[in-house]
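Taking it in order: structure first as structure tokens, then the write-up.
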Amino acid sequence: MKKITLCLFLLSYAFSHSQNEIKKYYAFDANYFYGSIMEHNPDLAHLITGHPTGVILSLNRKTYGLEAWERRYNYPDFGYSFSYQDMKNEFLGESYALYAHFNFYFLKRNLMFRIGQGLAYNTNPYHQDDNYFNNAFGSSVMSSTYLMANYHRQNIFKGFGLQAGVSIIHYSNADFKSPNNSTNTFTFNLGLNYLLEHENIPEFIPKDPKEKKYSEPIHYNFALRSGVNTPGIIGSKTYPFLTLTAFADKVINKKSTLQAGTEVFFSRALEEFIYYQSVAFPSGKTVGDEDSKRVGVFVGHQLSFNKMSLITQVGFYAYYPYDDYVERIYNRLGLRRKISENWWASATVRSHAANAEAVEFTLGYRL
């Protein structure tokens, strides 16, 4: 799946917590991985020639339930990761990435699930003369997402522990520059972890079994989304877009909020795509004066972590007069940050199945 660089929001979350005087506890972990690039697109077949290897190094801030949301999510960690990946292909080169991440624990904390989002740098992106075989990465700087599921044991001996499992590492520039077929690497990983101050770690503060149920009446939101993207044509320029969104939300508990709304899309890249089709294929059905506007309706869910939220939405273009560009069903995934009682901001990726159209930066107001 194509996702986007949302690490600034996780970084701001961690920074805001760094202002507190509460004592903090940390852990390090290091993982070596070995895997394969998945052929999610047949155009990538010539780039899959070996088994990528690399390392993931991480710093984790531990939580023990000092805040209610930590107890609600079974005492997760948040922190930062660095990864290095040798793609084992001369045209793909090597990738370096920095992430912000969350760790969630299950099965008596023996199973750890991590999601990390950040920025990556690739050493050998597409070049029309020097590296035209690399149709996966159109730019050196990309967004990257990784998912990790590990059997995780801490403090087995003097703070040291072991972990092993699987990961998926994704690189994409979300159509900021073409080409952008992206890569997904499935890996097996093995690593060590080390718990600082392992002799003095606190007990987990238990959950309050009498915590009151919480809900809110329906609220209305208005948002402006913008950014830049390309028409998906190699060599094309980047163009701005604007999306006007209105939706209602209903908080059903302290974790979940349901959403439903509508939005209007204005895309210069789609205008350019229509013009290109009319000129490049004069005998085709595109004449060049087709309407590039789209109107979508969507439903969504907001999963809240203190002031941070994970946004997932699914939409349908109810008005889509030029339908040869992308599919009519779209999805949106990203993070939202509460700025004040009424204002919020988000960074999301809007995709059509596995095809990302744009990274959206949003400013919203909640009545």
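Here, each number is a calculation from the coordinates, and none is a lab measurement. For clarity, every value in this text was computed on a predicted model and none was experimentally measured. Cβ: placed from backbone, ideal geometry, glycine included. Neighbour counts: every protein chain shown.
For this structure, a couple of remarks:
- Directionally averaged projected area (convex hull, Cα atoms, segment 7-195), nm²: 11.3
- Whole-Å semi-axes of the ellipsoid equivalent to segment 52-148 (Cα gyration tensor, √5λ, descending): 35, 12, 10
- Spatial separation of Cα centroids for segment 309-365 and segment 248-281, in angstrom: 6
- Cross-link reach list, aspartates and glutamates versus Lys210, counting only Cα pairs under 19 Å and skipping chain neighbours closer than eight places: Glu67, Glu70
- With the highest mean first, a sort of the peptides 50-62, 313-325 on other beta-carbon atoms found within 10 angstrom per residue produces 50-62, 313-325.
- GNM remark for the chain: springs join alpha carbons under 10 Å apart, and the peak mean-square fluctuation among Gln85, Gln277, Gln154 falls on Gln277.
- Cross-link partners for Lys207 among the lysines, with Cα-Cα distance under 26 Å and sequence neighbours closer than 8 places in the same chain left out: Lys23, Lys24, Lys62, Lys108, Lys250, Lys254, Lys255, Lys307, Lys338.
- Cα point-scatterer Debye curve for segment 219-366, base-10 log of I(q)/I(0) at q = 0.13, 0.16, 0.20 Å⁻¹: -0.60, -0.85, -1.22
- At 0.692 mPa s and 37 °C, Stokes D of the chain from Kirkwood alpha-carbon radius, µm² per second: 148
- Bridgeable lysines around Lys177 (alpha carbons under 18 Å apart, same-chain partners fewer than 8 residues away excluded): Lys2, Lys3, Lys237.
- Mean ellipticity per residue at 222 nm, deg cm²/dmol - from DSSP H runs of n ≥ 4 across the chain, formula -39500 (n - 2.57): -2500 deg cm²/dmol
- Computed over the chain with a Gaussian network model linking Cα atoms closer than 10 Å, the most mobile of Leu66, Leu192, Leu244 is Leu66.
- Highest-first packing order for the peptide set 22-33, 350-361 is 350-361, 22-33, based on the mean count of other beta carbon atoms within 10 Å.
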